[in-house]
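Below is one structure, written out as C-alpha cells; comments come after it.
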Amino acid sequence: MKGQVFTVAKLHYINGVVYCVADLKGADIATLARHNDLTTKSGSAKHPAVRVRTLVRFAAGLGLLDATGDQVKTTDLGALFCAARTVDTWEMTDRQKEMLRHHLDENPQGTATLHSLSSLLRLVKGGLQGEDLVNAYASAIEKTGAWRSKVTSVGFTKFGLDYLKELGLIPGNEMLSRGATNGSGRGRSGDSEGDRKKRNPKWSRDELILALDLYLQQKQSPVAKDSKDVLELSSFLNRLGVALGVVQNEAYRNSNGVYMKLMNFRHHDPDYTQGGRVGLGRGNRDEAVVWQEFAASPARLAGVVRAIKAAVMEPSVSQTIELDEPGFVQAEEGAILTRLHRIRERSRKLIEGKKKAFRDAHGKLFCEACGFDFCDKYGATASHIIEVHHTKPLHTLEERAVTKLDDLAMLCPNCHRVVHSKKQWLTVSQVKDLIVSNVKN
Ligand SMILES: [Zn+2]
Ligand SMILES: [Zn+2]
C-alpha cells in the first residue's frame with residue numbers, strides 16, 4: 001500500500017485548520033486561506049491556499065477532517081479533538097494525543113497517511129535506525145522510486161519521527177543520528193552520525209536570488225532578525241529545499257542564517273561599502289556572481305523571483321526527473337526553473353502535439369536551428385526523432401502557465417545541447433547564427 005507524506009514539519013501545525021473548520025461549522029479552502037492568520041502557524045503563508053490545502057489533506061489523512069473537493073467538514077473524531085483543545089492553538093493536549101494514538105492503533109491502514117505513520121512506528125519498534133530506517137520506511141510506503149535523493153527520504157523520515165515523538169509513541173532521542181542497533185554499533189551508522197554534524201549545503205543560486213531580492217527591498221529600512229520578511233523567506237527556503245531534495249536538518253535556512261545572508265550582501269553593495277564599511281564577511285563566491293547578474297536589473301530579478309515562487313508551488317516540480325543531465329547546464333535563474341523548463345519540454349503530450357502541428361505545416365520533422373532531418377539521413381526508422389525546446393524565457397514562466405505549441409521549437413539533440421550549454425541559455429536564432437558564422441570562417 002502506498003503511503004502519503006506532507007511537507008509539514010510538526011503534527012500540531014494542523015490544529016489551526018481543524019479548529020477553524022469546526023468554528024465555522026464547515027468551510028472551503030478559499031475561506032481557510034483567507035483566515036491564514038488563524039489556520040497557519042506562521043500566520044502569513046506566502047501562498048495560503050496551497051499551504052492550507054496541504055494542512056487540510058494531512059488533517060483529513062489523520063481522520064480529523066473530511067474534505068471533498070474544496071469543501072471541508074469536521075469528522076466525529078475532529079469534533080472530539082476540538083473539544084479537547086486548550087486556549088493555545090499550537091499546543092496539542094495529552095487528551096488529543098491520546099485520541100490520535102488510539103485512532104492510529106485502530107486504523108493502521110485506514111488512510112495513506114495513517115499507513116505511513118503506522119509503518120514508520122513498526123519499523124522503529126523493530127529496532128531500525130539511521131539509514132536502514134530511512135530505506136525501510138521509503139520501501140514500506142512505496143516511495144523508493146519517488147524519493148530520489150537521500151536527503152528527501154531523510155527529510156520525510158524525520159518529519160514522520162517527529163510526529164511519532166509528538167504523539168508520545170517513541171522516545172524523544174534522535175533515531176536518525178544515533179548508531180544502528182546492530183551488535184557492533186559501528187559500520188554504516190557512521191554515515192548518519194556524520195550527517196548530523198554536517199553543515200547545511202551552501203546556498204544555491206535560487207536561494208541567493210531570493211535573498212538578494214529581500215536584501216534590495218529592505219535596504220532603506222533594514223529588517224530585524226525575527227521580522228516577518230525574514231521568517232517568511234526562511235520558511236519558503238525550507239519548502240524550496242524540500243522540493244529540490246536538499247533539506248539537511250532543523251537548522252536549515254533558519255531565520256538566523258537568512259539574516260546573516262542578508263548581511264553578507266552588504267559586502268557587495270557599493271551603497272553600503274562606500275562609507276568604508278565592509279558588511280558581514282564576503283560569504284561565498286556565488287553571492288558576488290548573483291549580485292553582478294541581478295542587482296542592477298530589478299525588473300528581471302522580480303520576474304525570476306516570481307517565477308521561482310510559482311514553480312515551487314507546481315505539483316510537477318516534485319516529479320521525478322534527473323537533475324544533472326549531461327550537457328544541460330543549470331540556467332542563471334537557478335535549479336528550480338531549470339527543472340521546470342525540462343519538465344515542460346519533456347511532456348509527452350506537448351511533444352506529440354508539437355510534432356503533429358510541425359508535420360502538418362512542413363510535411364516532415366527537422367531541426368529548426370540546423371535543418372537536420374533524421375528521416376533524410378537514417379531513413380524511416382528514425383523519422384520520429386527530434387527534441388522539443390521551450391523557448392519562453394525562464395523568468396516569464398508564470399504559475400500554471402499553459403504552454404502553447406508556438407512556445408516550442410523543434411531541435412535536434414545536438415542543437416538542443418548547444419542551447420543549454422551555458423548558464424545563459426542561447427536562443428534558437430543564436431544557435432542558427434553560430435552555425436552560419438562558423439561556416440563562413
Ligand atoms: Zn540541429
Ligand atoms: Zn530546452
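The values are calculated or read from the model by the stated rules, or taken from the named source; none is laboratory data. Note that the structure is a prediction, hence the values are computed from the model and not measured. Cβ: placed from backbone, ideal geometry, glycine included. Neighbour counts: every protein chain shown. Remember, those area values only see protein heavy atoms, side chains included, never the ligands or the DNA or RNA. Shrake-Rupley method; radii C 1.70, N 1.55, O 1.52, S 1.80 Å.
I'd like to know if region 121-130 contains one or more residues that are under 30 Å from T31 (Cα atoms) and either free of Cβ contacts under 8 Å to residues at least 12 places away in the same chain or surrounded by fewer than 21 Cβ atoms within 10 Å (Cβ to Cβ) (or both). Checking region 121-130: not a single residue is under 30 Å from T31 (Cα atoms) and either free of Cβ contacts under 8 Å to residues at least 12 places away in the same chain or surrounded by fewer than 21 Cβ atoms within 10 Å (Cβ to Cβ) (or both). Of all the criteria given as (1) part of a loop (DSSP other than H, G, I, E, B); (2) aliphatic (A, V, I, L, M); (3) over 28 Å from R95 (Cα atoms); (4) at pLDDT 90 or above, the one not satisfied by A136 is (1). All of H389, H416 fail the test of being under 30 Å from L210 (Cα atoms), within 12 Å of ligand 1 (Cβ to nearest atom) and part of a helix (DSSP H, G or I), apart from H416.
The single condition from (1) under 30 Å from R300 (Cβ atoms); (2) of a type in the set (A, V, I, L, M); (3) part of a helix (DSSP H, G or I) that A331 fails is (3). Condition first: assigned to a loop (DSSP other than H, G, I, E, B), in contact with a helix residue (DSSP H, G or I) (Cβ under 9 Å, 6 or more places away or on another chain) and within 12 Å of ligand 1 (Cβ to nearest atom). Can you find one or more residues in region 372-385 that meet it? Yes, region 372-385 has at least one match. Listed conditions (1) within 21 Å of the chain's Cα centre (by Cα); (2) in a loop (DSSP other than H, G, I, E, B); (3) within 30 Å of G145 (Cα to Cα) are all met by M1, apart from (1). Just to be sure before I move on: is V402 open to solvent by 30 Å² or more (accessible area, probe 1.4 Å), more than 16 Å from ligand 2 (Cβ to nearest atom) and within 24 Å of A299 (Cβ to Cβ) in the structure I sent? Judged against the criteria, V402 is a match.
Scanning region 359-384 for residues being within 16 Å of ligand 2 (Cβ to nearest atom) and either at pLDDT below 90 or not small (G, A, S) (or both) gives a total of 3. Among the residues making up region 345-370, those that are open to solvent by 60 Å² or more (accessible area, probe 1.4 Å) and under 17 Å from D406 (Cβ atoms) are K349, E352, K356, R359, D360, A361, H362, E368. Identify the residue in region 419-441 that is part of a helix (DSSP H, G or I), of a type in the set (D, E, K, R) and loosely packed, with under 14 Cβ neighbours inside 10 Å and, among all such residues, is farthest from ligand 1 (Cβ to nearest atom). Top of the filtered list is K440. Just to verify a result, which residue in region 327-355, among those that are within 16 Å of ligand 1 (Cβ to nearest atom) and touching a residue at least 60 places away in the same chain (Cβ under 8 Å), is farthest from A409 (Cα to Cα)? Among those residues, the one meeting the criterion is G327.
With the condition kept exactly as written, say whether any residue in region 5-12 is assigned to a helix (DSSP H, G or I) and within 25 Å of R306 (Cβ to Cβ). So far as region 5-12 goes, no, none of its residues is assigned to a helix (DSSP H, G or I) and within 25 Å of R306 (Cβ to Cβ). Of the residues contained in region 5-19, none is found to be of a type in the set (S, T, N, Q), open to solvent by less than 50 Å² (accessible area, probe 1.4 Å) and more than 27 Å from G241 (Cβ to Cβ).
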